[in-house]
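Rule-based calculations on the coordinates, nothing more; no lab input. Predicted model, so just to flag it, every value in this text is computed and none were measured. All Cβ positions, even for glycine, are placed from backbone atoms using ideal geometry, and neighbour counts span all protein chains on display.
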Amino acid sequence: AQSVTQLGSHVSVSEGALVLLRCNYSSSVPPYLFWYVQYPNQGLQLLLKYTSAATLVKGINGFEAEFKKSETSFHLTKPSAHMSDAAEYFCAVTEIQGAQKLVFGQGTRLTINP
Amino acid sequence: EAGVVQSPRYKIIEKKQPVAFWCNPISGHNTLYWYRQNLGQGPELLIRYENEEAVDDSQLPKDRFSAERLKGVDSTLKIQPAELGDSAVYLCASSLGTGSYNEQFFGPGTRLTVL
C-alpha cells in the first residue's frame with residue numbers, strides 16, 4: 001500500500017528565507033508524486049508533479065522538488081519565502097500504472113514571519 | 001475557463017438530518033472524484049467516477065453515504081443520516097482522464113458541520 005509522511009505539521013520561516021517542506025513516500029511500485037497547496041477556504045492547487053522524467057521538478061510560484069529514490073523522498077523547496085506562500089501544503093503519491101488514486105500526506109502548514 | 005464548482009460552500013445541520021452536496025466539474029472532464037478532508041488531515045478519496053460509472057467506491061461508507069453522477073456530468077453526494085463524525089470538508093475534483101499523469105482540479109469544497 002502506498003503512503004506519504006510529511007515531517008512537521010507546522011513550519012515557520014522568515015520572509016526571504018529558504019523554505020523546505022519534507023515528504024517521504026512508501027510505494028511498492030514506481031510512483032508519481034505531487035505537491036499541492038491549499039489556501040484558506042479554497043480547494044487544492046497543483047504546485048508540481050514528478051512523472052518519472054527529470055528528478056528535479058520545477059513548479060509554479062518559484063517552488064521546486066527533487067525526487068530521490070534512494071531516500072524515498074520528494075522534498076519541496078523555495079529559495080526565498082514570500083508572505084503569499086503562507087498556506088497548507090500536501091504531498092501526494094499515486095501508482096504510475098494505475099488510475100490516479102491519490103494518497104495524501106497529513107499536510108504541513110507554512111507560516112511566513114515578516 | 002470555469003473551475004470545479006461546488007455548492008453549498010458551508011452547511012450546518014443537526015445529527016440524524018440528511019444533507020447533499022453538489023459538484024459541477026470542468027467541462028469535458030470525464031473523471032470525477034469526491035474526497036473528505038478532516039480537520040488537520042489530507043483529503044481521502046470517497047468515490048471516483050468515470051463518466052457515469054462509479055469505478056472506485058471502496059472508501060465510501062455505504063450505510064449512510066450515496067453518490068450519483070447522472071449523465072456523466074454533475075454529481076451529488078448525500079449523507080443520510082448525518083453523524084457528528086461526518087463534520088469535514090467535502091472536496092470534489094475532476095480530471096480529463098484516468099491516467100496517473102492527469103492533473104486533478106479541485107473545487108473549493110463544502111464545509112459540513114454536524115451539531
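Calculate, in nm to one decimal, what A:Glu66 and A:Thr51 gain on full extension: separation in residues at 0.36 nm each, minus their alpha carbon distance.
Working: separation 15, 0.36 × 15 = 5.40 nm, distance 1.17 nm.
Here the answer is 4.2 nm.
Could you work out the mean projected area of the convex hull around the alpha carbons of segment B:25-77, in square nanometres to one decimal?
On the way: hull surface 15.8 nm².
Quarter of the Cα hull surface area: 4.0 nm².
How much length is gained if the chain between B:Tyr101 and B:Asn38 is pulled fully straight, taking 0.36 nm per residue apart and subtracting their Cα-Cα distance, in nm to one decimal?
Values: separation 63, 0.36 × 63 = 22.68 nm, distance 2.59 nm.
Result for the pair: 20.1 nm of gain on full extension.
Return, ordered by residue number, the residues of segment B:16-40 whose backbone nitrogen is under 13 Å from a label point located 7 Å along Cα→Cβ of B:Val5.
B:22-27, by backbone N distance to the label point.
What's the center-to-center distance, using Cα atoms, between segment B:36-72 and segment A:1-37 in Å?
25 Å
Taking a quarter of the surface of the Cα convex hull of chain B, what do you get in nm²?
On the way: hull surface 27.2 nm².
For chain B, the mean projected area of the Cα convex hull comes to 6.8 nm².
Place a point 7 Å from the Cα of B:Ile12 along the Cα-to-Cβ direction; which residues of segment B:54-91 have their backbone N under 15 Å from it?
The answer is B:87-88.
What's the percent breakdown of Cα-Cα distances in the protein assembly as shown across 10 Å bins, shortest bin first?
8, 33, 35, 20, 5, 0
Beyond 27 Å between alpha-carbons counts as too far, so tell me which of A:Lys58/A:Lys101; A:Lys49/B:Lys62; A:Lys58/B:Lys71 fall in that bin.
Numbers: A:Lys58/A:Lys101 23 Å; A:Lys49/B:Lys62 33 Å; A:Lys58/B:Lys71 38 Å.
Distance filter (> 27 Å) returns A:Lys49/B:Lys62; A:Lys58/B:Lys71.
What is the gain in length, in nm to one decimal, between A:Ser14 and A:Ser26 on full extension, counting 0.36 nm per residue of separation less the C-alpha to C-alpha distance?
Working: separation 12, 0.36 × 12 = 4.32 nm, distance 3.12 nm.
The A:Ser14-A:Ser26 span can extend by a further 1.2 nm.
Radius of gyration and Dmax for segment B:1-42's Cα atoms, expressed in Å?
In Å, with Rg to one decimal and Dmax whole: 13.1, 38.
What average count of beta carbons from other chains do you get within 10 Å of the Cβ of residues in B:40-51? Spell out each step's value before the answer.
On the way: counts 5, 5, 15, 10, 3, 5, 0, 0, 3, 0, 1, 0.
Average per residue, whole number: 4.
On the principal axes of its Cα set, how long, how wide and how thick is chain A? Give whole Å, largest value first.
Here the spans come out as 43, 28, 22 Å, largest first.
For the pair A:Arg109 and B:Val55, how long in nm is the line joining their label points, each one 7 Å along Cα→Cβ?
Between A:Arg109 and B:Val55, the label points sit 3.7 nm apart.
Please list the radius of gyration and Dmax for segment A:28-92, considering alpha-carbon atoms only, with Å as the unit.
Spelled out, the Cα radius of gyration and Dmax of segment A:28-92 are 12.2, 38 Å.
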